[in-house]
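Taken together, the values in this text are just the output of simple stated rules run on the coordinates, not laboratory data. The model shown is predicted, which means the values in this text are computed figures rather than measured ones. For neighbour counting, all protein chains shown are included, and Cβ atoms are generated from backbone atoms with ideal geometry for every residue, glycine included.
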Amino acid sequence: MKLTRICTCLSVLFLFCVSSNTFAQEKKEPAKDAAAVKAVSDAGGRVSRISAAGPEKEINFSLSSKKVGDAVLAHVAKVEKVIWLNLRGTEITDNGLATIAGMTNLERLHLEKTKIGDAGLKHLAKMQKLSYLNLYGSQVTDAGLEHLKALKGLKKVYVWQSKVTEDGIKKFKAAAPKVQIVGALKLNVPKVIKDGKKKDGKKKADAKKKKK
């Protein structure tokens, strides 16, 4: 009986030590980039853990009511373990992307509705883990897509309402067949309406014949 109690006490003590050590590590981790996280938050960004199970973070500026420019990216680059970055609708430029060129762990990057153009995309060259890139409503052209062909981890790119043409999309698909590139949605509305009018016209003609 005593031996059982001793074993139980030792087990509880072991678990307590492990938990305390883990908690201490979690407390130390944020302290390393606390200043950068505060600067990002003050600038209107939201820094959060993607999952409670891991230390990976997301920085999101898409809901910010503040004017977010290139200067804040210096703080973004200092936040550790960021794998998702949302810069949608911000005032960042091509020069700003040079500041975050070293964020090689990024997996998702939102650049939609920004002033980013072809020159900015060359700064993504080292982001080999990047799998998702949104360029919707940006200034990127066919030439800018050339910088994305070397990104081995890339799986999906959005270019709707950018300066990218249908010809550019076709060439990119040929060079990077494993990447899904999404442009403008094509709806055959005119054809449907035309066919509908034909059917309505035929029905009216048949009705007139029956009356006669």
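Miscellaneous remarks
- Check on GLY45, of a type in the set (Gly, Ala, Ser) and touching a residue at least 12 places away in the same chain (Cβ under 8 Å): yes
- The residue that is farthest from the chain's Cα centre (by Cα), counting only those in segment 73-87 that are buried (at least 19 other Cβ atoms within 10 Å of the Cβ) and assigned to a loop (DSSP other than H, G, I, E, B), is VAL79.
- The numbered conditions (1) touching a residue at least 40 places away in the same chain (Cβ under 8 Å); (2) among the aliphatic types (A, V, I, L, M); (3) in contact with an Asp or Glu (Cβ under 7 Å, 6 or more places away or on another chain) are all true for ILE116 except (1).
- Scanning segment 111-143 for residues being polar (S, T, N, Q) and either touching a Phe, Trp or Tyr at 6+ places or on another chain (Cβ under 9 Å) or closer than 17 Å to THR165 by Cα (or both) gives a total of 4.
- Under the condition of being farther than 11 Å from ILE116 by Cα and more than 15 Å from the chain's Cα centre (by Cα), the residues counted in segment 132-147 number 5.
- Here is the figure for segment 153-173: residues that are surrounded by 21 or more Cβ atoms within 10 Å (Cβ to Cβ) and of a type in the set (Gly, Ala, Ser) total 2.
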